[in-house]
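Everything below concerns the one structure shown next.
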Amino acid sequence: MHLERTLQQRQWKWKVSFWLVAILLVICGLLSLSVGEIWMLPWMPQGELEKQLLWQLRMPRLIAAMAIGAALAASGAVLQVLLGNPLAEPGVLGISGGASLALVILLFLLPWVPGPWLTMLVAMGGALVFTFLLVSLARMRRVSTTRLLLIGVALGILSGAVVTWAFYFSDDLSQRQLMYWLMGSVGGVSWSHLSVLLILFPALVWLCTRGKQLDVLMLGDIHARQLGLDVPALRWRLILVIALLVGASVALAGVIGFIGLVIPHLLRLALGAENRFLLPLSAGFGALLLAVADVLARVALPTAELPVGVVTTTLGAPVFIWMLLRSQVE
């Protein structure tokens, strides 16, 4: 009787959380469309200027922020299960660095600005290489979770070093483009860039529906195989989808860190580790966090706009330190 009541209470918490994030997303979306140099009511734009500002600038920016936040948070939640590490996240493990490194090489080699589909494919390739390397190391018994985290940090440092070399040898135009990818921003997203979401959204939906399989995978490979789960096939499908999501996110907005780390971990602490609920809820709160960070980036300074990647790093770094201390990582 007590167990049944506990399960009912947990189910109620999940349902309340879904309703909460849905309401907050609507409120944040309206706020994001309203604030800026020109404040407006998004449902009543006054004049042609406000209509152009709403539909050509703020709307694609909001959609991109929510899509990227959802993709990064869901990817972080899955990586934490795949690697068995609560500190796993595309940015911390260097996967975002791999995507940005591939894009930096592309921007450095090509004399023209590549289109959104080419940038997504190149970023996906870089993310896939780094993800493959990390998951392969994680499956080796000689590599502990602590060492895996350090390897990811080292890969991120390596990609940063290559980006620094690219800065040194690039001209002024290339440097501005490189700064865009390095700091992270959704300010330059247009409707043409959002064509990438035609792949990102189906991949994100597919990833969020893998919760039950991940719950089985958490029991261990042997038990998962006994329950009929094709573990190697599932693991590689998840790797490919994560690489696609991270690559598309970096192609749209550059490197944005800590969303995939903070959101899934805090939700696990607050609500539990049921991945069938955790994955879609992580996507919702990830979309909310990046949309809020984008609003803060636009209003924090009266005369300038902060890169949203700087805002998420500022918010996420203290939480990351707290998580390290809490898990007693040595």
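Summary table below
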quantity	calculated
For peptides 282-293, 50-61, sequence by mean Cβ density within 10 Å, most packed first	282-293, 50-61
Pairwise label distance in nanometres, residue 110 with residue 195, each label 7 Å out on the Cα-Cβ vector	1.2 nm
Apportionment of accessible area to carbon and sulfur, the chain, percent (1.4 Å)	69 percent
Cα gyration tensor, region 181-304 - rounded (a/c under 1.5), prolate or oblate	prolate
4 °C / 1.567 mPa s Stokes-Einstein diffusion coefficient of the chain, Kirkwood radius on C-alpha pairs, µm²/s	64 µm²/s
Calculated P(r) of region 1-110 - Cα pairs past 25 Å, %	53 percent
Magnitude of the charge dipole, the chain, Cβ model with Lys/Arg +1 and Asp/Glu -1, debye to 20	1040 debye
The chain - mean residue ellipticity at 222 nm from DSSP helices (-39,500 (n - 2.57) per run, n ≥ 4, rounded to 500)	-25000 deg cm²/dmol
Among 149, 269, 194, residue whose mean-square fluctuation peaks in a GNM of the chain (springs only between Cα atoms under 10 Å)	269
Most to least packed among 89-100, 16-27 [average Cβ atoms within 10 Å]	89-100, 16-27
Solvent exposure of the chain as accessible area per residue, Å², 1.4 Å probe	49 Å²
Pairwise centroid distance, computed over Cα atoms, of region 286-322 with region 199-275, Å	24 Å
The chain: relative contact order as a whole-number percent, Cα under 8 Å and 6+ apart	31 percent
Cα coordinate range in region 240-330, projected on the principal axes (Å, largest first)	43, 31, 24
Set of lysines with alpha-carbon distance to residue 212 below 27 Å, sequence-local pairs under 8 removed	13, 15
Distance (nanometres) between label positions extended 7 Å along Cα→Cβ at residue 132 and residue 10	3.8 nm
193, 223, reordered so the largest accessible area comes first (probe 1.4 Å)	223, 193
Residue 153-residue 35 FRET efficiency (beta carbon distance; Förster radius 35 Å; 0.05 resolution)	0.50
Stokes-Einstein D for region 79-138, Kirkwood Rh over Cα pairs, 20 °C, 1.002 mPa s (µm²/s)	176 µm²/s
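The values are calculated or read from the model by the stated rules, or taken from the named source; none is laboratory data. Note that the structure is predicted; figures quoted are calculated from it, not measured. All Cβ positions, glycine included, derive from the backbone under ideal geometry; neighbour counts span all protein chains shown. For the accessible areas, the whole protein counts, side chains as well, though only heavy atoms, and no ligand, DNA or RNA atoms are used. Shrake-Rupley method; radii C 1.70, N 1.55, O 1.52, S 1.80 Å.
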